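Here the structure is laid out as structure tokens; the discussion comes afterwards.
Please treat every number below as a calculation from the coordinates, not as lab data. Note that the structure is predicted; figures quoted are calculated from it, not measured. Don't worry about glycine lacking a Cβ; one is built from the backbone with ideal geometry, like all the others, and counts go over all protein chains shown.
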Amino acid sequence: MLIRDGNTIIARYVCRSSDMMLIDMGRIDWSMLSRNPHPCGVALLRANQEKINWEWLGWNAHPDTIALLRANQGKIDWTCLSQNTHPDAIALLRANKDKIDWACLSTNVTPDGIALLHVNQDKIIWWCLSSNQHPDAIALLRANPERIDWQCLSTNGHPDAITMMRANPDRIDWYHLSRNPALFTPDPAHYRENTDRMAKLLTQMVSKMYHGRCFN
């Protein structure tokens with residue numbers, strides 16, 4: 001990597017040769033870089049820790065940033081970390097349950113995050129979970145239908161969420177469903193019905209077309 005510091009170009013081999021690029025250190029936005037999971041960006045953060053935005057680093061799912069956070073736990077923004085999708089971030093949350101932002105964790109789509117919710121169901125924020133598209137989150141909602149927030153579920157694009165809405169059309173929030181791309185998901189039951197009808201029609205057409213003909 002070539003790094004420009006003022007008017008001086010300094011060579012630092014912190015990345016693979018295929019990742020070489022020219023960076024103007026004076027123009028880097030360190031807050032945005034703190035969210036960047038690219039290995040080169042993370043290497044720059046590790047070399048310039050005084051410039052890290054520790055709040056935004058909590059979102060960064062690169063394993064080396066999790067190591068940085070683990071070594072600087074007094075600087076962690078636990079709300080941001082609760083949204084982090086890396087398994088090591090979830091492990092760090094599991095070790096600091098009193099600091100978890102349960103609303104943010106309820107939106108976390110990782111298997112480890114959902115597993116942590118599963119064993120702490122009294123702490124789940126159900127309106128947040130209702131928008132979570134992980135299959136295990138949907139399973140939790142199915143098991144607790146009285147806790148579903150139908151307004152938030154109407155934004156959920158998971159096929160099983162759509163199935164739940166089809167079964168409860170009077171609970172759909174059409175304002176939110178109208179911006180959900182899954183609004184246009186075909187109904188599997190109707191698809192199968194139409195497919196069967198088309199197959200029968202084609203069979204009848206073929207039978208009429210070739211009725212009485214012989215094929216060698």
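Using Cβ counts within 10 Å as a stand-in for footprinting exposure, how do 42, 119 rank, fewest first? Mind dumping the intermediate values first?
On the way: 42 23, 119 8.
Lowest count first: 119, 42.
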P(r) of region 77-134 over all Cα-Cα pairs, binned every 5 Å from zero, in whole percent: 4, 24, 38, 26, 7, 0
Estimated FRET transfer efficiency when R0 is 30 angstrom, pair residue 27-residue 98 (beta carbons, to 0.05): 0.15
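Which of 97, 75 has the fewest other C-beta atoms within 10 Å, and how do the rest follow up to the most?
On the way: 97 11, 75 14.
Sorted ascending by nearby Cβ count, the order is 97, 75.
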Consider just the alpha-carbon atoms of region 134-177 and return their Rg together with their Dmax, both in angstrom. 9.4, 26
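With only alpha-carbon pairs counted, each pair once and no self-pairs, how large is the Kirkwood hydrodynamic radius of region 31-97 in angstroms? Could the numbers behind the result be given before it?
Values: mean 1/r = 0.0876 Å⁻¹.
That comes to 11.4 Å for region 31-97.
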